[in-house]
Amino acid sequence: MAGFNFKLIKNPLSKENPITVQVLGICSALAVTAKLQPAFVMALSVTVVVALSNVIISLLRNTIPPRIRIIVQLVVVSLLVILVDQVLKAFVYDVSKQLSVFVGLIITNCIVMGRLEAFAMSNKPLDSFLDGIGNGLGYAIILITLGVVRELFGSGSLWGYQIIPDSFYEMGYQNNSLMIMPPMALILVGIIIWVHRARNKDLCEK
Amino acid sequence: MQEIINIFVKSIFIDNMIFAFFLGMCSYLAVSKTVKTSMGLGIAVVFVLLITVPLNYIIDNYLLKEGALAWISPKFATIDLSYLSFIIFIAVIAAMVQLVEMFVEKTSPVLYAQLGIFLPLIAVNCAILGASLFMQERQYNNLGEVTGFALGSGIGWLLAIVGIAAIREKLRYSQIPAPLKGLGITFIITGLMAIAFMSFLGIKL
């Protein structure tokens with residue numbers, strides 16, 4: 001396919017990662033990652049919403065009056081989020097209960113609004129779609145890393161299955177319950193940013 | 001009355017918007033460079049929360065909830081419109097923010113000069129929509145409790161952002177490893193502040 005721009009997918013994974021570099025969409029990234037499964041579902045939902053809303057806004061970009069563009073964007077995004085919410089409630093009800101208000105908060109997730117403003121308003125639908133997928137995946141990487149670390153050390157399991165064997169617990173191993181508390185999410189993101197910037201010197205702030 | 005005060009205190013310290021639910025992190029990180037601007041944003045958030053959350057509560061109770069339309073005619077008692085709540089809430093918030101901005105501009109130019117730039121930002125602040133969604137999920141009993149909740153979460157958010165801004169002003173003079181500067185250290189300090197706020201968890205109200 002002509003003009004299929006792989007850079008749009010590749011860049012947000014590391015160099016322009018939405019969470020660690022663009023600082024978008026932190027709220028949900030921290031709140032849903034105490035377990036791997038909700039983190040995965042959340043990442044998938046956000047990817048779908050970003051990609052589709054990017055396409056829709058990109059198609060409409062020449063007809064939206066600039067003064068009311070925020071409202072138009074919010075309406076498009078909240079429509080998509082309602083659809084995602086209904087699908088989640090129908091197929092994975094337990095996870096949807098765990099995510100509680102955070103599905104609704106995808107509407108105000110800065111990744112969605114940020115990409116719409118920065119990319120979809122000035123680019124073609126196909127490019128916008130790829131940009132949405134790329135940013136969704138960049139967000140997913142961080143969410144899944146956080147989910148794995150927090151669930152493994154906090155509850156000794158992954159995806160709800162026990163990973164750390166019982167013999168460890170008999171020898172006196174204990175789960176670190178701080179891991180599933182909110183503060184540890186913040187500190188872990190801080191550490192991820194640290195490692196990421198230490199490997200990419202040009203991203204450091206002065 | 002006691003119930004309202006309980007909810008108010010609880011939503012400032014125990015269920016703090018930033019430290020317990022990470023709501024409004026984006027503007028929290030972006031605008032917390034100086035105490036003065038963060039104070040302005042914090043006050044604007046309290047202001048908008050106080051208007052939108054009770055308003056959304058009324059809409060939720062008389063229009064959206066299952067059986068809420070019964071006051072029009074008993075025929076509507078089985079209608080459940082709660083799946084529309086996302087779009088209605090965000091529309092109310094966006095409209096109210098616009099109205100508040102126009103109202104403040106006309107009536108108090110001084111306040112407008114201070115809050116003006118922040119008001120449009122607030123429409124997409126997750127703390128505002130989050131508070132409305134929490135209000136819906138926690139099922140408060142009356143308008144008083146909802147107002148207490150809105151005021152409490154706003155003040156909690158204000159405390160958090162002014163606190164981090166004060167720390168960041170001092171941080172500028174300290175030596176931090178280059179990759180950790182700026183964003184990284186802010187996250188870690190917010191984590192430490194959240195641990196401090198965890199000590200309120202033991203309080204039962």
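Read the figures in this text as sums done on the coordinates, not as results from a lab. Please read these numbers as outputs of a predicted model, since none were measured by experiment. Virtual Cβ from ideal backbone geometry, glycine too; neighbours counted across all protein chains shown.
Mind putting a number on the dipole of chain A about its Cα centre? Charges go on the C-beta only, +1 for Lys and Arg and -1 for Asp and Glu, and I need it in Debye to the nearest 20.
Using Cβ point charges on Lys, Arg, Asp and Glu, chain A gives about 640 debye.
Evaluate Rg over Rh across segment B:1-199, taking Cα atoms for both radii and Kirkwood's formula for Rh.
Numbers: Rg = 18.6 Å, Rh = 18.0 Å.
So for segment B:1-199, dividing Rg by the Kirkwood Rh gives 1.04.
Could you work out the relative contact order of segment B:1-199, using alpha carbon pairs under 8 angstrom and six or more residues apart, expressed as a whole percent?
On the way: 229 pairs, mean separation 81.3, N = 199.
Answer for segment B:1-199 is 41 percent.
Dividing the Cα convex hull volume of segment B:149-205 by residue count, how many Å³ per residue is that?
On the way: hull volume 4.7 nm³, N = 57.
Taking the convex hull of the Cα positions in segment B:149-205, it is 82 Å³ per residue.
Lysines within cross-link reach of B:K75: Cα-Cα under 26 Å, excluding same-chain residues under 8 positions apart?
B:K65
With springs only between Cα atoms under 10 Å apart, run a GNM on chain A and tell me which of A:E16, A:E117, A:E170 wobbles the most.
A:E170
Filter chain A for me: DSSP H helices, axial length by Cα at least 30 angstrom, mean Kyte-Doolittle hydropathy not below 1.6. List them by residue number.
Span-like helices, by this rule, are A:36-60, A:69-91.
Helix hunt in chain B: which complete DSSP H runs extend at least 20 Å axially by C-alpha with mean Kyte-Doolittle at least 0.0?
What comes out of the filter, once short or polar helices are dropped, is B:35-59, B:85-107, B:143-171, B:183-198.
Would you compute the Debye intensity of segment A:1-44 from its alpha-carbon atoms alone, equal scatterers and no solvent, and pass along log10 I(q)/I(0) at q = 0.23, 0.26 Å⁻¹ to two decimals?
-0.85, -0.93
Give me the lysines in straight-line cross-link reach of A:K35: C-alpha distance below 30 Å, same-chain residues under 8 apart excluded.
A:K10, A:K15, A:K89, A:K97, B:K10, B:K181, B:K204
Return the single residue from B:V53, B:V92, B:V45 with maximal mean-square fluctuation; model: Gaussian network over chain B, springs between Cα atoms under 10 Å.
Maximum fluctuation in the GNM of chain B, among the listed residues, is at B:V92.
Treat chain A as a sphere of radius equal to its Kirkwood radius over Cα pairs and apply Stokes-Einstein at 20 °C in a medium of 1.002 mPa s; give the translational diffusion coefficient in µm²/s, rounded to a whole number.
Result for D is 119 µm²/s.
Compute a Gaussian network model of chain B, connecting alpha carbons closer than 10 Å, and tell me which residue from B:L151, B:L133, B:L183 fluctuates the most.
The residue that fluctuates most here is B:L183.
Report the local net charge at B:F134: Lys and Arg +1, Asp and Glu -1, summed over other residues whose C-beta lies under 13 Å from its C-beta.
-2
Round to a whole angstrom and tell me the spacing of the C-alpha centers of segment B:1-39 and segment A:18-94.
First find each Cα centre; the distance between them is then 24 Å.
How much space per residue, in cubic angstrom, does the convex hull of the C-alpha atoms of the protein assembly as shown take up?
186 Å³
Please list, ordered by chain and number, the residues whose modelled amide H lies under 5 Å from the amide H of A:L158; skip anything fewer than 5 residues away on the same chain.
A:I163
So, in nm, how far is label B:T34 from label B:V9 when the simple model puts each one 7 Å beyond its Cα toward the Cβ?
According to this spin-label approximation, the distance is 3.7 nm.
Positive end of the dipole of segment B:1-199, charges at C-beta (+1 Lys, Arg; -1 Asp, Glu), about the Cα centre: which of B:S199, B:M17, B:I176 has its Cα farthest in that direction?
B:I176
Given only helices, namely DSSP H runs of n ≥ 4 each adding -39500 (n - 2.57), what is the per-residue ellipticity at 222 nm of the protein assembly as shown, to the nearest 500 deg cm²/dmol?
Details: 20 runs with 268 residues, N = 411.
One gets -21000 deg cm²/dmol as the mean residue ellipticity at 222 nm.
Using only Cα atoms, what is the ratio of the radius of gyration of segment A:35-89 to 2.2 N^0.38 Å? All intermediate terms of the calculation are to be shown ahead of the outcome.
On the way: Rg = 13.2 Å, N = 55, 2.2 N^0.38 = 10.1 Å.
Scaled against compact globular proteins, the figure is 1.31.
Could you size up the charge dipole of the protein assembly as shown around its Cα centre, putting +1 on the beta carbon of Lys and Arg and -1 on that of Asp and Glu, and report it in debye to the nearest 20?
Values: 28 positive and 21 negative charges, 223 e Å.
The dipole magnitude comes to about 1080 debye.
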